[in-house]
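These notes concern the structure reproduced below.
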């Protein structure tokens, strides 16, 4: 297990700055997931931690020691790549043993013990004599993870390890990685993904990155329920949080889509323009005249346990999305009225910063 501390970490390629002073504390035994849009710097940050990219500025410490100029091996880090990176001419056993065989002082008996232990943890003992080409994608990824386990690292790094797998294998391998973290007695793990389900289900904490900066760090539910800003609000969650433009006037909010004065509480002390956020699942269909949103159905997607309803509110931009339980049949073009519990609404100022719950008036 290991503590990692990043202080003002920067990375530039020529005149292009990719990481802008990253500050981050990762506690021993944590499972931390980096998420963000393509090009946000999450894979670069992982490679900087691994020692595969040189740090341009700032410091990276592991267990209190600055490791900026140490090799990946000297940092006690093992990395699992998206592409598996297995040697095609070597058996599974040989792939898992190869790194250990290069270490001086490691006996054949010790190598065999570590390889078979890792194979047992990942349930790949039957495949030890096979070549990678005889394995499925999920089995190859388990071999790549097993190769990392044999090194007994302080920190595991995963760079989008499931992105090459089909949907069913992604679920299966995701569960195996979660179980692996438990079996490894809390070894520190850092995981990069663009998949929100992976982030929400695997992480102790999520780090949301945008344009080389940290937008927010927190548990999955903290980020989902109480985002710091509009970027996090719309990035975490699928479908994304609906954002409506409005204006606080007195104790009510007037939305700009034309519905008029809305009977929801305005944030305390806020007057003027703001944004109102509501999660799709917090919206429900209301009788005419009882909802605070009125629009026209443009599309419905029946997913079995839920139905996604896309609603035109007569505003510019993306349609509003409501996520309701069960199967709901609504013809395109039909009128719909929606409501939400006022406590489920989130408010943001003009600059996109969250107006916290304690600053809101709780009265309806």
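Determine whether residue 299 is under 21 Å from residue 233 (Cα atoms) and part of a strand (DSSP E or B). Outline the logic, then answer.
Values: under 21 Å from residue 233 (Cα atoms): no; part of a strand (DSSP E or B): yes.
Against the criterion (under 21 Å from residue 233 (Cα atoms) and part of a strand (DSSP E or B)), residue 299 does not qualify.
Does the stretch 345-356 contain any residue that is under 25 Å from the mean Cα position of the chain (by Cα) and either over 30 Å from residue 215 (Cβ atoms) or free of Cβ contacts under 8 Å to residues at least 24 places away in the same chain (or both)?
The answer is yes; a qualifying residue exists.
Hey, can you tell me all the residues within the stretch 193-238 that are more than 18 Å from residue 39 (Cβ to Cβ), assigned to a helix (DSSP H, G or I) and within 13 Å of the chain's Cα centre (by Cα)?
197, 198, 200, 201, 202, 220, 221, 222, 223, 224, 233, listed by residue number.
Kindly establish whether residue 291 is in the same structural domain as residue 247 (by TED's automatic domain parsing) and under 30 Å from the mean Cα position of the chain (by Cα).
Spelling it out, it is not the case that residue 291 is in the same structural domain as residue 247 (by TED's automatic domain parsing) and under 30 Å from the mean Cα position of the chain (by Cα).
Only residues that are in contact (Cβ under 8 Å) with a residue 40 or more places away in the chain, assigned to a loop (DSSP other than H, G, I, E, B) and either closer than 15 Å to residue 253 by Cβ or in contact with a helix residue (DSSP H, G or I) (Cβ under 8 Å, 6 or more places away or on another chain) (or both): list them for the stretch 263-296, please. Outline the logic, then answer.
Within the stretch 263-296, the first condition is being in contact (Cβ under 8 Å) with a residue 40 or more places away in the chain, and the residues that meet it are 263-270, 272-296.
Applying the additional criterion that residues be assigned to a loop (DSSP other than H, G, I, E, B) yields 266, 268-270, 279, 283, 286-292.
Within the stretch 263-296, 266, 268, 269, 270, 279, 291, 292 meet the criteria.
So residue 146 fits all but one of (1) at pLDDT below 85; (2) surrounded by 18 or more Cβ atoms within 10 Å (Cβ to Cβ); what number is the exception?
If we test residue 146 against (1) at pLDDT below 85; (2) surrounded by 18 or more Cβ atoms within 10 Å (Cβ to Cβ), just (1) comes out false.
Considering each of 85, 2 in turn, give the residue that is modelled with pLDDT under 90 and touching a strand residue (DSSP E or B) at 6+ places or on another chain (Cβ under 6 Å).
The match here is 2.
Quick one: which residue in 145, 175, 190 is free of Cβ contacts under 8 Å to residues at least 12 places away in the same chain, closer than 30 Å to residue 4 by Cα and not in a loop (DSSP other than H, G, I, E, B)? Break it down into steps so the answer makes sense when it comes.
Working: 145 fails: free of Cβ contacts under 8 Å to residues at least 12 places away in the same chain; 190 fails: free of Cβ contacts under 8 Å to residues at least 12 places away in the same chain.
The conditions single out 175.
Modelled with pLDDT under 85, within 25 Å of residue 222 (Cα to Cα) and not assigned by TED's automatic domain parsing to the domain that holds residue 223: is that true of residue 267 in this structure?
Yes; evaluated as a whole, the condition is true for this residue.
Run down 297, 278, 262 and say which single residue is under 13 Å from residue 244 (Cβ atoms) and modelled with pLDDT of 90 or more.
From the options 297, 278, 262, the qualifying one is 278.
Looking only at strands (runs of 3 or more DSSP E) that fall completely inside the stretch 315-364, which ones have 2 or more residues that are in contact with a helix residue (DSSP H, G or I) (Cβ under 7 Å, 6 or more places away or on another chain), within 23 Å of residue 300 (Cβ to Cβ) and modelled with pLDDT of 90 or more?
The strands (runs of 3 or more DSSP E) meeting that bar are 320-325.
So which residues in the stretch 159-203 are surrounded by fewer than 17 Cβ atoms within 10 Å (Cβ to Cβ), in contact with a strand residue (DSSP E or B) (Cβ under 9 Å, 6 or more places away or on another chain) and closer than 22 Å to residue 214 by Cα?
Scanning the stretch 159-203 gives a single hit, 194.
Run down 247, 225 and say which single residue is without any contact (Cβ under 8 Å) to a residue 40 or more places away in the chain and closer than 21 Å to residue 308 by Cβ.
225
Would you mind finding the one in 45, 60, 52, 86 that is part of a strand (DSSP E or B), surrounded by 14 or more Cβ atoms within 10 Å (Cβ to Cβ) and touching a residue at least 12 places away in the same chain (Cβ under 8 Å)?
The conditions single out 60.
Scan 80, 115 and give me the residue that is buried (at least 18 other Cβ atoms within 10 Å of the Cβ) and without any contact (Cβ under 8 Å) to a residue 60 or more places away in the chain. If you could, list the steps in order and put the result at the bottom.
Values: 80 fails: without any contact (Cβ under 8 Å) to a residue 60 or more places away in the chain.
Result: 115 is the single residue among 80, 115 that is buried (at least 18 other Cβ atoms within 10 Å of the Cβ) and without any contact (Cβ under 8 Å) to a residue 60 or more places away in the chain.
Yes or no: the stretch 201-211 includes at least one residue that is over 26 Å from residue 71 (Cβ atoms) and at pLDDT below 85. Spell out the reasoning first.
From the stretch 201-211, those over 26 Å from residue 71 (Cβ atoms) are 201-206, 208, 210-211; that's our starting set.
Add one more test, that the residue is at pLDDT below 85, and what stays is none.
Looking through the stretch 201-211, none of the residues is over 26 Å from residue 71 (Cβ atoms) and at pLDDT below 85.
The values are calculated or read from the model by the stated rules, or taken from the named source; none is laboratory data. Just so it is clear, the structure is predicted and the values come from calculations on it, not from any experiment. Note that each Cβ is placed from the backbone with ideal geometry, even for glycine, and that neighbours are counted across all protein chains shown.
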